[in-house]
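Taken together, the values in this text are just the output of simple stated rules run on the coordinates, not laboratory data. Since the structure is predicted, the reported quantities are computational estimates derived from the model, not experimental observations. As a convention, Cβ positions derive from the backbone with ideal geometry for all residues, glycine included, and neighbour counts pool all protein chains shown.
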Amino acid sequence: MERQRSFYNADKVEQLLQPTRFPSSVNRHEVYCGECGETFFLDQVRHEAYLRQYELTQENPFVCQRCDFENDESSYSG
Ligand SMILES: [Zn+2]
């Protein structure tokens, strides 16, 4: 039982830090995926990093996990 409880806590923290498809108490900053254009929400820290990167490159630096995964896949095949 103890082991299960700590597993769920860890899982919850992990989820809060990830970009989400809908705004949450932590993820309040709306961004668009540069690849698929889907809307995601970032927490304060990630959003600040996103804005800094955006100012540097003038390009949308955010790519959602799914597109990021697909980019990895395609980079292997050439
Ligand atoms: Zn995407």
Give me the net charge of VAL63's neighbourhood, meaning all other residues with Cβ under 15 Å from the Cβ of VAL63; Lys, Arg count +1, Asp, Glu -1.
-> -4
Environment charge of TYR54, counting only residues whose C-beta is closer than 14 Å and scoring Lys/Arg +1, Asp/Glu -1 = -2
Rg in Å to one decimal, and Dmax rounded to a whole Å, for region 18-77 via C-alpha atoms = 12.0, 39
Restricting to Cα pairs under 8 Å and 6 or more apart, the percent relative contact order of region 18-77 works out to 30 percent
Treat each spin label as a single point 7 Å out from the Cα along the C-beta direction, and report the LEU51 to GLU73 distance in nm.
-> 3.5 nm
For GLU30 and GLN18 in one chain, what is 0.36 nm times their gap in residues minus the Cα-Cα distance, to one decimal in nm?
-> 3.0 nm
